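> Structure incoming, see below.
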Amino acid sequence: MKKIVVEGLKYKYPLSDKLALNDLSFEVNEGEFIGIIGKNSAGKSTVCQALVGLVPHFYKGAYGGKVLVDGLEVKNSSIADISLKVGMVFQNPFTQVTGSKMTVYEEIAFGLENIGLPRPVIIERIDYVLDLLKIEQVKDHNPFDLSGGQMQRMAIASIIAMQPDILVLDEPTSQLDPAGSEEVFSAIQKLSKQGITVVLAEHKMEKVAQYCNRVLLLHEGKMVDFDTPEKVFSRKDLEDHGVVAPVYTRLCKALGIKKAGSDCYPVTLEDAEKALRGQIG
Ligand SMILES: Nc1ncnc2c1ncn2[C@@H]1O[C@H](COP(=O)(O)OP(=O)(O)O)[C@@H](O)[C@H]1O
Ligand SMILES: [Mg+2]
């Protein structure tokens, strides 16, 4: 089933004279884990905002084409209705915290109380996400006392508690140290394995290669490619689009070693090791 359908999407921010998104069309199936890559200003964040309806409802501007999330047309739906289907996690977890709640538990309860769920359901959902995101040990802490990785996992927990079918993350670990990043990525992977459709704008290509089943490559608001990480990272013109392939891919490219039985280069450590061992014999 198609969870996301984007058809001929064009978008220009108010007061801007160029298109931020220029005729994008792509579809995402239920349960896929999609990466969005491209250099700065390519349009990654704008695509994320278009999936949750901030484009065009919050930012306004000139909008053409269609975005459907779980069958709902974004242009004709309220952000409140869209948010029941699509949850968004921003770059900086600080911007996502209410700032008015004394504990992690209350912070996660906030959205659930807002939509008027009964108390027992709220408790059940909070217990579930505290366990899933591995933050039960900090449930009574003040949100602002958390580490970056914990705070971002709390933000994701608040979103997941709302049970969206689609999770959109815009460079969710760019403010975190490597340990915090790992915590967040393993949480996202767990959600993906449970069948949530994930869209991740990301500049850490090793992570995109490791987790995403397809990659959308953007350049100046246009779609350059939408294919498997192997295909996209093996493109000869990748660097023309401001993207540097994972280190494993660059090494294998330099040595001229492709993935066994494929016309592409390895993109993960595991595949690179296999291909290199194959050469040694
Ligand atoms: N709030 C905004 N107002 C006007 N222009 C914007 C705004 N946000 C982004 N843009 C422009 O839209 C284009 C795409 O930006 P963005 O989606 O943020 O790219 P990325 O996330 O890939 O760095 C860029 O040219 C950027 O300058
Ligand atoms: Mg961005």
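> Go through Phe144, Phe90, Phe110 for me and flag whichever is among the aromatic types (Phe, Trp, Tyr), within 26 Å of Val6 (Cα to Cα) and at pLDDT 90 or above. Can you show your working first?
Working: Phe144 fails: within 26 Å of Val6 (Cα to Cα); Phe110 fails: within 26 Å of Val6 (Cα to Cα).
None of the other options fit; the residue is Phe90.
> Considering (1) within 15 Å of the chain's Cα centre (by Cα); (2) within 16 Å of ligand 2 (Cβ to nearest atom), say which one Asn29 fails and leave the rest.
(2)
> Here is a list of conditions, (1) more than 22 Å from the chain's Cα centre (by Cα); (2) on the phi > 0 side of the Ramachandran plot, and Arg250 meets all of them except one; can you say which number that is?
Going through (1) more than 22 Å from the chain's Cα centre (by Cα); (2) on the phi > 0 side of the Ramachandran plot one by one, Arg250 breaks only (2).
> For residues that are touching a helix residue (DSSP H, G or I) at 6+ places or on another chain (Cβ under 8 Å) and more than 16 Å from ligand 1 (Cβ to nearest atom), scanning just segment 197-206, find the one that is least open to solvent (accessible area, probe 1.4 Å).
Taking segment 197-206 first, the residues touching a helix residue (DSSP H, G or I) at 6+ places or on another chain (Cβ under 8 Å) are 198-202, 204-206.
Still in the list and also more than 16 Å from ligand 1 (Cβ to nearest atom): 198, 206.
Numbers: Val198: 0, Glu206: 67 Å².
Out of the qualifying residues, it is Val198.
> Restricting to segment 217-243, what's the tally of residues that are assigned to a loop (DSSP other than H, G, I, E, B) and open to solvent by 70 Å² or more (accessible area, probe 1.4 Å)?
Step one: of segment 217-243, the residues assigned to a loop (DSSP other than H, G, I, E, B) are 220-221, 228, 234-237, 242-243.
Add one more test, that the residue is open to solvent by 70 Å² or more (accessible area, probe 1.4 Å), and what stays is 220, 236.
Adding up the residues that qualify gives 2.
> Answer yes or no: is there a residue in segment 3-20 that is at pLDDT below 95 and either closer than 21 Å to Tyr211 by Cβ or acidic (Asp, Glu) (or both).
Scanning segment 3-20 turns up at least one residue that is at pLDDT below 95 and either closer than 21 Å to Tyr211 by Cβ or acidic (Asp, Glu) (or both).
> Could you pull out every one of the helices (runs of 4 or more DSSP H) wholly within segment 28-144 that has 2 or more residues that are surrounded by fewer than 16 Cβ atoms within 10 Å (Cβ to Cβ)? Show your work before the answer.
Details: elements: 44-52, 54-57, 79-83, 104-114, 119-132.
Fully inside segment 28-144 and qualifying: 79-83, 104-114, 119-132.
> What pairs come out if I take residues in segment 38-58 that are closer than 22 Å to His219 by Cβ and within 6 Å of ligand 1 (Cβ to nearest atom) and pair them with residues that are in a loop (DSSP other than H, G, I, E, B) and at pLDDT 95 or above whose C-beta lies under 7 Å away, six or more apart or interchain?
Note: pairs meeting the criteria are Gly38/Gly242; Gly38/Val243; Ala42/Glu220; Gly43/Ala20; Gly43/Gly221; Lys44/Gly38; Thr46/Ala20.
The values are calculated or read from the model by the stated rules, or taken from the named source; none is laboratory data. For clarity, every value in this text was computed on a predicted model and none was experimentally measured. In this analysis, Cβ positions are derived from the backbone assuming ideal geometry, glycine residues included, and neighbour counts consider all displayed protein chains. SASA here: full protein model, heavy atoms, side chains in, ligands and nucleic acids out. Shrake-Rupley method; radii C 1.70, N 1.55, O 1.52, S 1.80 Å.
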